[in-house]
Each structure stands twice: as structure tokens, then as C-alpha cells.
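What follows is calculated from the coordinates using simple rules that are stated; it is not laboratory data. Keep in mind that what you see is a predicted model, and the values were worked out from it rather than measured. Here Cβ is always computed from backbone atoms with ideal geometry, including for glycine, and neighbour counts include all displayed protein chains.
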Amino acid sequence: MTAGGTSFRSDGRDRCARLRAQRGVPVGGTSTVPGVYWLWLAGLAWTSIGANLLSFGMVWTATEYSATLAGIVLLAVTVPRVTLGLFGGAVADRIGPIRVMLASDVVMVSFTAAAAVAAYFFGPHPMLLIGAALVLGTADAFYLPAAGSVPKFLVPGAGLPRAMAARQMVFYFASVIGPGLGGVAVTAAGLPLSFALGAVGFTGMLLILLGVRRRIPTRTTEDDACRSQMLAQIRDGVGVILTEPLLRAVLVMTSGFALFVLPLTSIMVPVLARDRGWHAALAGTAAGAFSAGMAVLAVWVMWRSGAHRAGAAAILGMVLTGGGILGLAFAPSELLAIAAVLSAGLGAGLFSTHIGPLLVAATPPEYTARVQAVMMIAQAAPMMLAGPVIGVMADVVPVGVVVILWGVGAVTVALGALVSRPLRAARRPG
């Protein structure tokens, strides 16, 4: 296998990757998605809503102290994801994804329940917020890589496109519902209720994982032969991205998306809402509007397969997202502000639904997991920088100015992507 003219075949290392990719994967040409997958997906929806609810409640509570604290809370979530993500994926490969997911859920149920009690008796102390964010980010670093492999174990190859589309819709749905419920919860009873509902969300997935654990394999003897080659495999995965032009362009643009777009709902909307005197439920609705726009585009792509010129569509989506962020900065009313966030979500949906298939299609099969891990870090690392920077800036300059800068940044990334001919000319896979 070559990538950009450079060979990455590495004898036993790629054999190990293929063995892991084949391990426990259902075979056959059927496109039917088994019922056990829908059961697991229901648990994913439940726990994702709880996680989004908890995250919004934590950031909103932090803004009561300062925008800087809100940025620190986001930083505390993203640092473990960046520093431990590759290690979390390696652990899942060694002991099996089901064990990692079960352990992560047990930790989160126990911690969020204890945090709810602590917040009730001692109040929402900043150290509690930062500590909770660190625990949540650490659990994600192990849980997310493991969960990403579940569809491969449960669904036959021909059913994967439908299964993955449904999984993406679950994330959009949770991103719409979670912040709105988080706003209602924190308004009704403060941070203790947010932690308690977060514990309920993690408990739902824990119970479902206990039910399906026998359908997801743990490990095989081939893993033992491949353990010492883990670092070499990681190095090769990074190398294939850096030397394949389309993958490199997707990496750069995805990082720009994470830096200038993803902070919109996680910190910019809460900080702007606090500055303009909105109540928490309205701020949660505005944050949910972004994911609603993304969901609309996902439905369109599932129905019509998206635009034929996928690269150009992704670039256009980034431009539209930047325009929506700028619209939020200048919106004279709450309704128009929500409309601006919705339009940003439509653009983000156009971007993500077209850039994702390009990434998968351009990735050599034996490097799929490693490329996904690198892309996860490429999204988390900019967020690690953006949250604190936005928080500090919002305490120094008007919040609207910060939002304008980030909107301009999104448009600039899109215009810069026009320089990449492989991305600009990329066609829809298939």
C-alpha cells in the first residue's frame, strides 16, 4: 500500500492491524442492521444526552464566576482527550472495547453521583467544576475510541453505512436535546441536578452494555504478538496522513473547524448569553439550534447522498458556518441570534457530512483506526487552546468582538482550503 508515493507497508505491523480489523466482525452481504445494535444505539443516545446536559450545566455554572473559569473547565475536559486518546485506543485493542466502556461508565456513574451530593452540600465550587471536567475528559479518552469500534463488531459490512448514519444522528439529537435540558436543569435546581441527571445517563448505558457484553469480543492471542509494535503502528498512522495530499488537507481543515466552529456552542453561546442577560434555558436552546441545523443536513445527505463535488461542498459549508457566527455577533434580538446559530449549524452540517466520507474513502483500510485516532486528537487539540483563549479574551474585550474574530477565522480557513486542489476537486465516494 502506498500513500502519496511513500510506502507504509511494515511487515507484521500491518498484519496485526488487519487481524484486529477482522476480529469479531460479522460477515455476509446483508445490509440488515441487527437488533442488538439498535439496543446499543439507544443506550448511546441516553448517555449522550446525559453527557451533553452535564457539560452545559458545568460551563453555564462556571460563567457565573467568570468567562475565564468557563474556558478552564473546557480545557480540563480536552487535555485528557488529547494526551490519553492514543493510549486509550491501545488499551481497548489489548483488553477489548467492552471492558473499557464498562469501566468508564462505572467510574462516571460513581463520580457524578458523588459530585451531585458534594454540589448540594458545598455548592458549585470552582475546584469541583474543574475536577469534574478532568474526570469527564479522562473517561472520554478511554471510552470514545472503544465505542468507535462497536459498529464494526456488531454490524455486517454491508450494513455499516446505515448503522454509522444512524449513530451520527444520535449524536446530533443528543447535542440538540442535551443543552436545552441542561439549561432547564441548572435553572430549576442548579448544578446538583445536572450531576444527578448525568449519573442517570451513564447508568442507562452501563445497563445496556451489561446486556450486550457477550456480543462484543474482548481480545485474541494475536494481540500478544502485536503489543511491542504499538508505537510503530502509531507512527505509521501519522505518516500516512502527512504524506497523502487529500488526507493532509482534510486534517488541516478539520483542525480549523475544531478551532473556530466547535467552541460556538461549548463556550461562545454561554458567555454571550450571560453577557446579554439571557436565562439558561434560552442559552441551551440557542446551543441546541446549532445541532438541529447539522441534523437537517444529515437527513438530507442520508436521503440524497449529498453533493457530487464533496470537497467544494465542505468548503462552502465552512463559509456558511463562519457567516452564521458573524450573524450571532450582530444579532439584535434573541430570536435572530438563535436563527444565526441555526444557520451556522446548517453550514457545519454541510461541512461534516461531506468531509467525513472523503476521509474514510481516502484512508487505506489497514490504517483506518490509526487515522481516526489522529483525527480525534486533531479536533480536541484546537479545542484545548480555544476554550481558555476565548474565556480570557471575553473578560478583557467585549464578547461580541471575540465572536466576530472567530467568525472571520472560520471564513479564512474555508478560503485557505481553496488552495488545496485535491480537496477542491474531490468527488463524492462511489
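Observations
- Debye log10 I(q)/I(0) for the range 230-430, one point scatterer per Cα, at q = 0.17, 0.19 Å⁻¹: -1.09, -1.27
- For the pair Leu134 and Phe122, the difference between a 0.36 nm per residue extended length and the Cα-Cα distance amounts to 2.4 nm.
- Label positions at Arg213 and Leu415, each projected 7 Å from the Cα along the C-beta direction, are separated by 5.5 nm.
- Placing a pseudo-label 7 Å from each Cα along the Cα-to-Cβ vector at Glu64 and Asp275 gives an inter-label distance of 2.2 nm.
- The Cβ shell under 15 Å around Ala286 holds other residues with a net charge of 0, Lys and Arg each +1, Asp and Glu each -1.
- Net length gained if the chain between Phe87 and Ala425 were fully extended (0.36 nm per residue, minus Cα distance): 118.1 nm
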